[in-house]
Every structure is written in C-alpha cells, then in structure tokens.
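Here the structure is laid out as structure tokens; the discussion comes afterwards.
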Amino acid sequence: MSAQKPDASELEAKKDALIATARRCFERGLQTNAGGNLSVRLASVEAIVIKPSGVGFAECTRDNLQVAYLDGTLEPSAFKPSKDLDFHVDLYRIRPDINAIVHCHSPWATGYASAGIEIPCLTVQTIEKIGRMPLIPLSANGGPQTDVEISPVFRDASIRAAVLANHGTIGVGKTLMAAQYLAEIIEETAHIAFVRDALMAAHGKTLADLPRYGTAKEAAAAL
Ligand SMILES: [Zn+2]
C-alpha cells in the first residue's frame with residue numbers, strides 16, 4: 001500500500017460525487033441489483049475510489065466505498081473488492097486523461113453486445129460525441145472481460161465508450177458526470193438502433209435505403 005494517504009477533504013468530496021452518480025445511474029434504470037461498477041480518480045494520491053462487490057448503485061455510502069491504489073493495493077476494507085477492480089485500475093494507468101469510469105449492465109446496450117452486434121453511432125450527436133463504441137468479446141475462456149481484453153481497446157486515446165459482449169458497457173470521462181452521460185448515451189443509442197432496425201425490417205428497408213449524413217461540422221464544410 002502507498003505510504004501516502006489521500007487528502008481527507010478530497011476523498012470525502014469524491015466519495016460524495018460517486019454516490020450521487022451511482023444513484024442517478026440506478027434511478028435511470030441503467031443498473032439494478034449489485035452489478036456494475038463505477039470509480040473516480042483521486043488527485044492527491046495515485047489512487048481511485050471504487051464501489052466494492054455486492055453493494056448496489058443505490059446503496060453506496062462513504063463507509064462502503066473503497067480506495068484502491070494504482071500499484072494494485074487496496075486500503076483495508078470490510079468489503080470484498082469488485083471483480084472489475086483490475087480493469088478499472090489498468091485504464092487509469094494507461095490513460096491519464098481518464099478521471100472516471102462508469103461500467104453498467106444496461107439492458108438495450110447489453111442486448112446488442114450479446115447478439116455480437118456493435119451498436120452503431122447512428123445519430124449526428126453520437127458521431128460527434130463518441131465516434132465509435134467497440135464491441136469487446138468475452139475472455140478466451142468464455143468468462144467476463146478483464147483488463148486483458150479491455151485495456152488494448154482503450155489504448156486508442158480516441159475511445160471513450162465500449163460495449164462488452166454478454167456483460168455490459170463502459171463509459172470513461174474527465175469527470176464522473178461525463179462518464180455517466182456516456183453510459184446514458186450508449187443505452188439511448190442502443191434503444192434508438194433497435195427501433196430503427198425493427199422498423200426497417202418491418203418495412204423491408206435496408207441500410208442502402210437510408211440517406212448518408214454527417215455532423216453539423218461536416219455539413220458546414222461541404223457548403
Ligand atoms: Zn460488469
């Protein structure tokens with residue numbers, strides 16, 4: 001464990017921000033039960049605050065959140081560390097621009113991922129804000145994705161969101177709210193894609209029938 005300790009007032013503020021974000025994620029139905037996880041980087045020490053295993057997004061408190069150091073050690077805690085701890089820590093190690101991660105098992109997005117279909121960035125907003133949401137397959141032994149599968153995708157600094165086959169989603173950001181917004185946009189986009197795909201199938205349309213479109217910037221540049 002690190003000899004340095006987090007600044008007490010920063011730790012309290014980050015815990016409160018994480019509690020508020022987790023509650024928003026739960027209230028929007030992006031994560032039920034005790035699955036998923038979210039974390040935030042501390043500035044005062046090389047460490048993060050993260051939800052432990054077995055605690056729901058709506059049940060996070062200052063007392064059950066854990067502090068994990070980027071060297072892989074954990075502050076002593078009565079709670080079991082999350083199965084996702086390793087991939088969270090590794091993403092903070094490889095991407096200094098990431099200050100927060102929201103990982104949840106939101107149903108529309110996870111449905112797409114479980115069908116082996118990458119969620120298309122099909123609105124002008126998602127093209128601008130996200131660009132691409134790579135689909136990350138299960139681990140080689142069929143188990144849930146770990147840092148072995150997730151980190152290589154996020155080594156590309158342009159990647160801000162990804163979807164895990166048979167598992168869930170990952171949104172990263174400079175702040176907890178930015179990562180939470182991505183979790184919401186991923187789910188919203190999957191929902192829109194499902195409606196589009198169902199309507200196209202019902203009306204015998206294919207992607208070739210749809211207009212080509214781009215962002216407002218691209219439209220302005222084409223004038
Ligand atoms: Zn998960």
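The values are calculated or read from the model by the stated rules, or taken from the named source; none is laboratory data. The model shown is predicted, which means the values in this text are computed figures rather than measured ones. Every residue, glycine as well, gets a Cβ built from its backbone with ideal geometry; the counts of neighbours run over all protein chains shown.
The table for this structure:
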| item | result |
| --- | --- |
| Tabulated pairs, region 100-118, first more than 15 Å from the ligand (Cβ to nearest atom), second charged (D, E, K, R), C-beta under 6 angstrom, 6+ apart or interchain | TRP108/GLU187 |
| Hits in region 79-88 (condition: within 19 Å of ARG160 (Cβ to Cβ) and touching a helix residue (DSSP H, G or I) at 6+ places or on another chain (Cβ under 8 Å)) | PHE87 |
| Conditions (1) exposed (fewer than 15 other Cβ atoms within 10 Å of the Cβ); (2) under 22 Å from LEU30 (Cα atoms): number failed by ASP71 | (2) |
| From SER82, SER139, residue being in a loop (DSSP other than H, G, I, E, B) and in contact with a strand residue (DSSP E or B) (Cβ under 9 Å, 6 or more places away or on another chain) | SER82 |
| Residues of region 31-58 satisfying the condition of being away from the ligand (no atom under 16 Å from the Cβ) and either without any contact (Cβ under 8 Å) to a residue 12 or more places away in the chain or among the hydrophobic types (A, V, I, L, M, F, W, C) (or both) | VAL40, LEU42, ALA43, VAL45, ALA47, ILE48, VAL49, ALA58 |
| Of all residues making up region 87-125, the number that are under 15 Å from the mean Cα position of the chain (by Cα) and closer than 22 Å to CYS25 by Cα | 20 |
| Of the criteria (1) at positive phi; (2) within 15 Å of the ligand (Cβ to nearest atom), which one GLY204 fails | (2) |
| Search result, residues across region 136-168 that are of a type in the set (A, V, I, L, M), within 16 Å of the ligand (Cβ to nearest atom) and surrounded by 14 or more Cβ atoms within 10 Å (Cβ to Cβ) | ILE136, LEU138, ILE150, VAL153, ALA161, ALA162, VAL163, LEU164, ALA165 |
| Positions within region 114-136 being at pLDDT below 95, among the aliphatic types (A, V, I, L, M) and outside any loop (DSSP other than H, G, I, E, B), in sequence order | VAL124, ILE127 |
| Test for VAL49: is it in contact with a helix residue (DSSP H, G or I) (Cβ under 7 Å, 6 or more places away or on another chain) and under 23 Å from ALA178 (Cβ atoms) | yes |
| Test set (1) β-branched (Val, Ile, Thr); (2) within 16 Å of the ligand (Cβ to nearest atom); (3) farther than 30 Å from GLU46 by Cα - THR123 fails condition number | (2) |
